[in-house]
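Single-structure report; data block below.
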There are 2 protein chains.
Amino acid sequence: MKKIINDPNAVVTEMLLGLSKSNPSLYYSEGLEVISRRRMGDKVGVVTGGGSGHEPAHAGYVGRGMLDAAVCGHIFSSPSPDRIIEGLRRADTGHGVLLVLKNYSGDLMNFELATEMVEPEGIVVDKVVVRDDVAVPESTYSTGRRGIAGTFFIHKVAGAAAEAGLPLPEVKAAAQKAIDGLRSMGMAMTPCILPAVGKAGFHLADDEVEIGMGIHGEPGVSREKILPAKALAERLLDHIFDDLDYAGSDVALLVNGLGGTPLMELYILYNEVEQILRQKGVRIYRPYVGNYMTSLEMMGCSISLLKLDDQLKAFIDAPCDTPGHKQF
Amino acid sequence: MKKIINDPNAVVTEMLLGLSKSNPSLYYSEGLEVISRRRMGDKVGVVTGGGSGHEPAHAGYVGRGMLDAAVCGHIFSSPSPDRIIEGLRRADTGHGVLLVLKNYSGDLMNFELATEMVEPEGIVVDKVVVRDDVAVPESTYSTGRRGIAGTFFIHKVAGAAAEAGLPLPEVKAAAQKAIDGLRSMGMAMTPCILPAVGKAGFHLADDEVEIGMGIHGEPGVSREKILPAKALAERLLDHIFDDLDYAGSDVALLVNGLGGTPLMELYILYNEVEQILRQKGVRIYRPYVGNYMTSLEMMGCSISLLKLDDQLKAFIDAPCDTPGHKQF
């Protein structure tokens, strides 16, 4: 294992120290592994969380126009309720909190527990659950579809809605509308290595990829020979369009890298995706290309499409200022 | 070789198509592999270039407040003079052009040739050469020190100076002052694979790193057992401070990833660097953490320090809007 770390069991703490020191507008609740905004104004709080190892998600999306707090678990592990309670307290200014969760059983259970525990304090909490991954109907850590990189868009939409001063039910409604029109599909080429484990959790042959693999290395749809970028784009988009036909729609598009894939390859993939979507009559209203939700050093990618109406366009276009994503 | 590509010989073209399609404010001179701003205003042009494979450098730094054009060669190969001429023509609005070059012999030769060829057109060209890498005094592709990730700061400074309306000699003077106070030192953990070659150019054992390796895999200072993050930070900073003592200075700091290293590890490294610099009496005026200048999928990192006075602080703080870096 080759990693720039000290103690494999301290990686999350040391990462969050580095993140908060290099971004003075962020507050780090040390020991509780929560990153939150020092000043968030008088508005609905937007909180997310989950296992670490997906950087810049989730703590890197805390800031103006996106999240108010991110609750970080160990790598690929759900955060415990005490941590989540800290996140909820930090993000509540009396207007309630919207949780944006990815559909993993551990996350849902722990966030539910924490929600019940802060209710006596008068903190109103509601939630939306992202299930954007069309690869598999059930998975290792989820009942129903998994939440993957498209969750970035829900952070953006909910964050912009809250920043605009909308009340909790309307922030939730906007986020839910976005979720309803969101689909993703990914592919992995290499495994990642958990620092505390020290070796890869699975093996792929030198010419093999796994279509539909999850962001924690959960099984996908099939293993097959590596495809050219054009065929890969077709393959992933076919899966998505089989589930939701975006023809005629305006979309936000995310071509996401899983961490180890060079940016060059993501732009090559974007070039193919753009041509296919044009042929299908889909208008790319706003594209995003980069490492938005990763799996440590895993090589691979995912494609996410978000259907946009005028309200969602405004939220996608709204400025935001976070370590992991900035928009003017 | 596992890459998301089509034709190994077309990767630069297809990447630049993807980059320009996903950033409509950028113009792509197809066939000449130049990315430039569609609208740059009436000011000195700032142009860079070099081999591809370092994304988001260099084409990803074209935009308001940074570069006006980037001239892209094949992977790790200098661009030919005809391409550079296109870049110079695109960036000149009658106020002249400053070239920001990294110190590699091929780049210097081709940019010099192109400069001579556009002089009859009345385009005034001057240049600065970045030699920030303190690892080795001479290297495979350079006479004297190599230019590496610290070059990002020179793009930022020169771009901000030009955007502020300074004339060419003053833009050059600001960039040269920045270069004089800029030092970098890196480390590689894994090789990268050139698409057209298909296999790694060198081998490192499972527990081995190379201190001071260049961004094209050129030899560094020594191969040794992998170090903890804290020892690595000390090691790299010691090399830098042996060359230029930053004690008492305000600095811009870049903790850069070479492409394959997870963002988590860069933040862990930042946390160590921050502590060491504090002990040394160095004030981090503005930190940058991320993949700013990469070597395809190479794992590893570099640290760059830029000494700041009031003028350079203003240029570092100035807003910019490029695909690879945005600042408010």
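The table that follows gives values for the structure above.
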quantity	calculated
Qualifying positions in region A:276-294 - within 9 Å of chain B (Cβ to nearest Cβ) and touching a residue at least 40 places away in the same chain (Cβ under 8 Å)	A:Tyr288, A:Asn291, A:Thr294
Residues located in region B:260-310, provided they are within 18 Å of B:Pro228 (Cα to Cα), assigned to a helix (DSSP H, G or I) and open to solvent by 10 Å² or more (accessible area, probe 1.4 Å)	B:Leu263, B:Tyr267, B:Glu272, B:Glu274, B:Gln275, B:Ile276
Hey, B:Gly87 open to solvent by less than 70 Å² (accessible area, probe 1.4 Å) and more than 16 Å from B:Gly147 (Cβ to Cβ) or not	yes
Number of positions in region A:218-231 that are at pLDDT 95 or above and open to solvent by less than 10 Å² (accessible area, probe 1.4 Å)	1
From the options B:Lys307, B:Lys326, residue that is more than 14 Å from every other protein chain (Cβ to nearest Cβ) and basic (Lys, Arg)	B:Lys307
Test: residue in region A:232-255 that is of a type in the set (Ser, Thr, Tyr), within 12 Å of another protein chain (Cβ to nearest Cβ) and open to solvent by 10 Å² or more (accessible area, probe 1.4 Å)	no
Total residues in region A:58-76, condition within 14 Å of another protein chain (Cβ to nearest Cβ) and farther than 23 Å from A:Phe315 by Cα	5
Neighbours by Cβ (under 7 Å, 6+ apart or cross-chain): first from region B:61-72, closer than 16 Å to B:Lys43 by Cβ; second open to solvent by 10 Å² or more (accessible area, probe 1.4 Å) and of a type in the set (Ser, Thr, Tyr)	B:Gly63/B:Ser25
Odd one out for B:Gly96 among (1) open to solvent by less than 10 Å² (accessible area, probe 1.4 Å); (2) within 14 Å of chain A (Cβ to nearest Cβ); (3) more than 21 Å from the chain's Cα centre (by Cα)	(2)
Of the criteria (1) on the phi < 0 side of the Ramachandran plot; (2) modelled with pLDDT of 95 or more, which one B:Gly290 fails	(1)
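The values are calculated or read from the model by the stated rules, or taken from the named source; none is laboratory data. Just so it is clear, the model here is predicted, and its values are computed rather than measured. Note that we place each Cβ from the backbone using ideal geometry, even for glycine, and neighbour counts take in every protein chain shown. We work out accessible area using only protein heavy atoms, side chains counted, and drop any ligands, DNA or RNA first. Shrake-Rupley method; radii C 1.70, N 1.55, O 1.52, S 1.80 Å.
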